[in-house]
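Peer 1: This is the structure I have questions about; it appears just below.
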Amino acid sequence: MPDTDGLAEAGTQSDATQASGTLLDAPNRAIIEALQRDGRQPYGAIAEAVGLSEAAVRRRVQRLRESGIMQIVAVTDPLQLGFTRQAMIGISVEGDVRRVAEKLSAVVEVDYVVMCAGSFDILAEIVCEDDERLLHVLNDSVRSIPGVRSTETFLYLKLAKQTYTWGTR
(Lines give C-alpha, C1' and ligand atoms only; values in the text may rest on other atoms or scores of the structure.)
Protein backbone atom coordinates (compact mmCIF):
# COMPACT_ATOMS: atom_id res chain seq x y z
CA MET A 1 0.00 0.00 0.00
CA PRO A 2 1.50 3.39 -0.95
CA ASP A 3 2.21 5.80 1.88
CA THR A 4 0.09 8.92 2.06
CA ASP A 5 0.52 11.83 4.40
CA GLY A 6 -1.93 10.22 6.83
CA LEU A 7 -4.25 13.21 6.76
CA ALA A 8 -7.69 12.46 5.36
CA GLU A 9 -11.06 14.12 4.99
CA ALA A 10 -13.56 13.55 7.80
CA GLY A 11 -15.32 10.21 7.68
CA THR A 12 -12.86 8.36 5.44
CA GLN A 13 -10.98 6.37 8.07
CA SER A 14 -12.57 4.40 10.87
CA ASP A 15 -9.37 4.04 12.97
CA ALA A 16 -8.58 7.73 13.23
CA THR A 17 -8.65 10.52 15.76
CA GLN A 18 -10.10 13.89 14.86
CA ALA A 19 -7.70 16.80 15.38
CA SER A 20 -8.01 20.31 14.00
CA GLY A 21 -10.78 19.18 11.65
CA THR A 22 -8.40 16.63 10.11
CA LEU A 23 -8.14 12.91 10.76
CA LEU A 24 -4.89 11.32 11.83
CA ASP A 25 -4.02 7.73 11.02
CA ALA A 26 -2.19 5.37 13.39
CA PRO A 27 1.32 6.04 11.96
CA ASN A 28 0.87 9.83 12.35
CA ARG A 29 -0.30 9.37 15.93
CA ALA A 30 2.74 7.18 16.61
CA ILE A 31 5.06 9.78 15.05
CA ILE A 32 3.55 12.56 17.17
CA GLU A 33 3.86 10.50 20.35
CA ALA A 34 7.49 9.63 19.55
CA LEU A 35 8.33 13.30 19.03
CA GLN A 36 6.50 14.28 22.23
CA ARG A 37 8.81 11.91 24.13
CA ASP A 38 11.94 13.18 22.35
CA GLY A 39 11.71 15.98 19.77
CA ARG A 40 15.31 15.32 18.67
CA GLN A 41 14.71 11.68 17.82
CA PRO A 42 16.11 10.85 14.36
CA TYR A 43 13.59 10.16 11.59
CA GLY A 44 15.27 6.79 11.03
CA ALA A 45 14.53 5.67 14.60
CA ILE A 46 10.93 6.85 14.32
CA ALA A 47 10.57 5.09 10.96
CA GLU A 48 11.76 1.82 12.44
CA ALA A 49 9.36 2.13 15.38
CA VAL A 50 6.29 2.93 13.23
CA GLY A 51 7.07 0.67 10.26
CA LEU A 52 7.57 3.33 7.56
CA SER A 53 10.54 4.49 5.55
CA GLU A 54 12.60 7.41 6.82
CA ALA A 55 11.45 9.48 3.80
CA ALA A 56 7.80 8.75 4.60
CA VAL A 57 8.29 9.86 8.22
CA ARG A 58 10.03 13.03 7.04
CA ARG A 59 7.11 13.82 4.67
CA ARG A 60 4.52 13.12 7.36
CA VAL A 61 6.29 15.31 9.93
CA GLN A 62 6.50 18.14 7.40
CA ARG A 63 2.78 17.86 6.61
CA LEU A 64 1.86 17.71 10.29
CA ARG A 65 3.88 20.87 10.89
CA GLU A 66 2.48 22.68 7.83
CA SER A 67 -1.09 21.82 8.84
CA GLY A 68 -0.55 23.31 12.31
CA ILE A 69 -1.30 20.03 14.08
CA MET A 70 2.22 19.84 15.49
CA GLN A 71 5.15 22.09 16.38
CA ILE A 72 8.65 21.00 17.30
CA VAL A 73 10.20 23.47 19.74
CA ALA A 74 12.78 23.71 22.51
CA VAL A 75 11.08 24.09 25.88
CA THR A 76 13.19 26.18 28.22
CA ASP A 77 13.22 27.10 31.89
CA PRO A 78 12.38 30.84 31.91
CA LEU A 79 14.18 31.38 35.24
CA GLN A 80 17.47 30.13 33.83
CA LEU A 81 17.06 32.54 30.89
CA GLY A 82 16.57 35.60 33.10
CA PHE A 83 12.76 35.73 33.10
CA THR A 84 12.12 35.92 36.83
CA ARG A 85 8.40 36.72 36.74
CA GLN A 86 5.69 34.50 35.29
CA ALA A 87 1.98 35.01 35.78
CA MET A 88 -1.39 33.83 34.57
CA ILE A 89 -3.81 36.68 33.92
CA GLY A 90 -7.54 36.09 34.16
CA ILE A 91 -9.31 38.62 31.94
CA SER A 92 -12.98 39.59 31.87
CA VAL A 93 -14.10 41.04 28.56
CA GLU A 94 -16.93 43.25 27.35
CA GLY A 95 -17.78 42.68 23.70
CA ASP A 96 -15.99 40.37 21.29
CA VAL A 97 -13.67 38.02 23.18
CA ARG A 98 -11.95 37.03 19.92
CA ARG A 99 -10.76 40.59 19.26
CA VAL A 100 -9.27 40.88 22.74
CA ALA A 101 -7.60 37.46 22.36
CA GLU A 102 -6.14 38.55 19.02
CA LYS A 103 -4.69 41.74 20.56
CA LEU A 104 -3.26 39.78 23.52
CA SER A 105 -1.65 37.30 21.14
CA ALA A 106 0.34 40.14 19.60
CA VAL A 107 1.97 41.08 22.94
CA VAL A 108 5.54 39.71 22.96
CA GLU A 109 5.50 38.75 26.65
CA VAL A 110 2.26 36.76 26.28
CA ASP A 111 3.02 33.14 25.42
CA TYR A 112 -0.39 31.52 25.94
CA VAL A 113 -3.90 32.81 25.27
CA VAL A 114 -7.06 30.75 25.69
CA MET A 115 -10.70 31.81 25.47
CA CYS A 116 -12.64 30.02 28.17
CA ALA A 117 -15.86 29.71 30.12
CA GLY A 118 -16.08 30.35 33.84
CA SER A 119 -14.96 33.26 36.01
CA PHE A 120 -12.84 34.71 33.19
CA ASP A 121 -13.33 35.04 29.45
CA ILE A 122 -9.62 34.72 28.67
CA LEU A 123 -6.55 33.30 30.40
CA ALA A 124 -3.17 34.62 29.27
CA GLU A 125 0.25 33.55 30.48
CA ILE A 126 2.93 36.22 30.69
CA VAL A 127 6.69 35.73 31.02
CA CYS A 128 8.71 38.82 32.01
CA GLU A 129 12.19 39.75 33.12
CA ASP A 130 11.01 41.29 36.40
CA ASP A 131 8.13 42.91 38.28
CA GLU A 132 8.70 46.27 36.62
CA ARG A 133 8.22 44.72 33.18
CA LEU A 134 5.16 42.81 34.41
CA LEU A 135 3.62 46.06 35.65
CA HIS A 136 4.32 47.68 32.27
CA VAL A 137 2.77 44.77 30.34
CA LEU A 138 -0.31 44.64 32.59
CA ASN A 139 -0.90 48.38 32.60
CA ASP A 140 0.16 49.42 29.11
CA SER A 141 -0.43 46.30 27.00
CA VAL A 142 -3.21 44.23 28.61
CA ARG A 143 -5.49 46.65 30.46
CA SER A 144 -5.36 49.18 27.64
CA ILE A 145 -6.89 46.77 25.09
CA PRO A 146 -10.42 47.90 24.19
CA GLY A 147 -12.93 45.48 25.70
CA VAL A 148 -10.83 44.47 28.72
CA ARG A 149 -13.17 45.02 31.66
CA SER A 150 -11.02 43.63 34.48
CA THR A 151 -7.99 41.46 35.16
CA GLU A 152 -6.77 39.26 37.98
CA THR A 153 -3.11 38.32 38.16
CA PHE A 154 -1.90 34.98 39.51
CA LEU A 155 1.87 35.14 40.16
CA TYR A 156 3.76 31.88 39.74
CA LEU A 157 5.79 30.95 42.81
CA LYS A 158 7.12 27.58 41.66
CA LEU A 159 6.44 25.35 38.67
CA ALA A 160 5.46 21.93 40.00
CA LYS A 161 4.73 20.20 36.67
CA GLN A 162 4.95 20.99 32.99
CA THR A 163 4.56 18.29 30.39
CA TYR A 164 3.70 18.06 26.73
CA THR A 165 3.45 14.28 26.46
CA TRP A 166 -0.33 13.84 26.55
CA GLY A 167 -0.22 11.71 23.40
CA THR A 168 -2.87 11.68 20.69
CA ARG A 169 -5.51 9.49 22.41
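Peer 1: Out of the residues in the stretch 53-73 that are part of a loop (DSSP other than H, G, I, E, B) and in contact (Cβ under 8 Å) with a residue 12 or more places away in the chain, which is nearest to D111 (Cα to Cα)?
Peer 2: V73
Peer 1: Now a separate question. How many residues, within the stretch 101-115, are touching a strand residue (DSSP E or B) at 6+ places or on another chain (Cβ under 6 Å) and surrounded by fewer than 16 Cβ atoms within 10 Å (Cβ to Cβ)?
Peer 2: Counting residues in the stretch 101-115 that are touching a strand residue (DSSP E or B) at 6+ places or on another chain (Cβ under 6 Å) and surrounded by fewer than 16 Cβ atoms within 10 Å (Cβ to Cβ) gives 5.
Peer 1: For F154, indicate whether it is touching a residue at least 60 places away in the same chain (Cβ under 8 Å) and farther than 25 Å from E33 by Cα.
Peer 2: Answer is yes for this residue.
Peer 1: Please verify whether I32 is surrounded by 12 or more Cβ atoms within 10 Å (Cβ to Cβ), hydrophobic (A, V, I, L, M, F, W, C), touching a residue at least 60 places away in the same chain (Cβ under 8 Å) and in a helix (DSSP H, G or I), treating the condition exactly as stated.
Peer 2: So I32 passes the test.
Peer 1: If only one of E102, E94, E109, E54 is closer than 30 Å to D25 by Cβ and among the charged types (D, E, K, R), which one is it?
Peer 2: Just one listed residue meets the conditions, E54.
Peer 1: While we're on this one: I'd like the full set of residues that are in contact with a helix residue (DSSP H, G or I) (Cβ under 7 Å, 6 or more places away or on another chain) and either basic (K, R) or surrounded by fewer than 17 Cβ atoms within 10 Å (Cβ to Cβ) (or both), limited to the stretch 72-92.
Peer 2: Across the stretch 72-92, the qualifying residues are I72, R85.
Peer 1: Ok, one more. Give me a count of the residues in the stretch 79-95 that are of a type outside the set (V, I, T), free of Cβ contacts under 8 Å to residues at least 60 places away in the same chain, outside any helix (DSSP H, G or I) and over 11 Å from M115 (Cα atoms).
Peer 2: Within the stretch 79-95, residues that are of a type outside the set (V, I, T), free of Cβ contacts under 8 Å to residues at least 60 places away in the same chain, outside any helix (DSSP H, G or I) and over 11 Å from M115 (Cα atoms) number 4.
Peer 1: Can you pull out the residues in the stretch 122-152 that are polar (S, T, N, Q), part of a strand (DSSP E or B) and surrounded by fewer than 14 Cβ atoms within 10 Å (Cβ to Cβ)?
Peer 2: Of everything in the stretch 122-152, just one residue is polar (S, T, N, Q), part of a strand (DSSP E or B) and surrounded by fewer than 14 Cβ atoms within 10 Å (Cβ to Cβ), namely S150.
Peer 1: Let me ask another. Identify the single condition in (1) modelled with pLDDT under 95; (2) surrounded by fewer than 15 Cβ atoms within 10 Å (Cβ to Cβ) that R98 does not satisfy, given that it satisfies every other one.
Peer 2: (1)
The values are calculated or read from the model by the stated rules, or taken from the named source; none is laboratory data. What you see is a predicted model; the values in this text were computed from it and never measured. When we count neighbours, we look across all protein chains shown, and the Cβ atoms used for this are built from the backbone with ideal geometry, even at glycine.
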